[in-house]
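First comes the structure, then the notes that go with it.
What follows draws every value from the coordinates through simple rules; no lab data is involved. Quick caveat: nothing in here was measured; it's all calculated off a predicted structure. Counting neighbours? That spans all protein chains shown, and the Cβs are built from the backbone with ideal geometry, glycine included.
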Amino acid sequence: MQSWINEVLADPVTKLPKEINQFKQFNNYIDARVYLKNTCGWKTWETGQKFYEKWLENGEVSILKKEPDFIKIKKVEKPLYNELKLNGRVLDVGGGVGTLREFLEIGAEYLCLDPHYSSLEKIPIGKIKAYECLKEEFNYIIGFAEFLPIKDNCFDVVHMRSMLDHVQIPDLVILEANRVLTKEGKLVIGLTVDGGKFGKFSFKDHLKELTREILYYIGLKSFRDYHTWHPTFKNLKKIISDNGFIIEKNIWQANTDDKVVYIVARKNFNN
């Protein structure tokens, strides 16, 4: 951990200042996890989390046992992040193994928070070849987006990519992002949205979903949908606005049929 991390840490529940050596440690990582085992949605979240952790540990291969083309994925991501220009202090919530570092502006300070630590020890070789940053150590905390172990108003960017549809309480996640951002800070959320840009479902979409349900019904458990939330573009914008943000920009990721959007938002001080 870099020394500046001590400046931003807090107890995930009380939000009172807390230093690195005051946290529980797990496999040499700060363990700031706070579980919601008696809250609605816990079992759904836990089941999905176990599935995704196993998927990560097995190399992120598809249902058809095909390895991802990480170089191609990076090429798609690069122009998007060139436009986003992430700098200052960046908190990557649900950041996995920290590939976001590949796209940060020079001088940015980075902290990753994710509930799954084992993936750090089982990164696919192809991914390491594609992302140079994976050869370097970085600041990492085991924790949940609903309970950030971070002080108020201390990050310039909160980044959440492909994770808001995996959390237990999306509203609380957005509220936490609002709390830890500086006055001029920005929230960046990247997500696949149901129905794409216009919220319309094609025949192909319906057929794909029906096929998935049939395959799961006949016993192919890997075809189950383990996401906890399925927002449309309208739903996603609403939850961001309802929890204290003004949306500034929408960027649709290339080669996704306008189904993956990155929303940039800033704090709304008129609420």
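Net charge dipole, the chain: roughly 580 debye, given to the nearest 20, about the Cα centre with Cβ charges of +1 for Lys and Arg and -1 for Asp and Glu.
Residues of segment 223-260 with an amide N closer than 12 Å to a point placed 7 Å from the Cα of TRP55 along the Cα-to-Cβ direction: 223-228. In a fully extended conformation the segment linking ILE71 and ASP11 would gain 17.8 nm over its present Cα-Cα distance, using 0.36 nm per residue. Put in order of Cβ neighbour count within 10 Å, fewest first, the listed residues ILE263, ILE150 become ILE263, ILE150.
For ILE246, the residues whose modelled amide H falls within less than 5 Å of its own, excluding neighbours fewer than 5 places apart on the same chain, are ARG266, LYS267, ASN268. Putting +1 on Lys and Arg Cβ atoms and -1 on Asp and Glu Cβ atoms, find which of ILE73, GLN49, ASN255 reaches farthest to the positive end of the dipole of the chain. Of the options given, the answer is ASN255.
As a calculated quantity, the FRET efficiency between THR39 and HIS227 at R0 = 22 Å, using C-beta atoms, amounts to about 0.80. Counting every other Cβ atom within 10 Å of each residue's Cβ, SER119, SER3 order from fewest to most as SER3, SER119.
Listed by Cβ neighbour count within 10 Å, with the fewest neighbours leading, TYR262, TYR35, TYR217 appear as TYR217, TYR35, TYR262. What base-10 log of the normalised intensity I(q)/I(0) is obtained for the chain from the Debye formula, alpha carbons as equal point scatterers, at q = 0.07, 0.10, 0.11, 0.13 Å⁻¹? Result of the Debye calculation: -0.25, -0.52, -0.63, -0.92.
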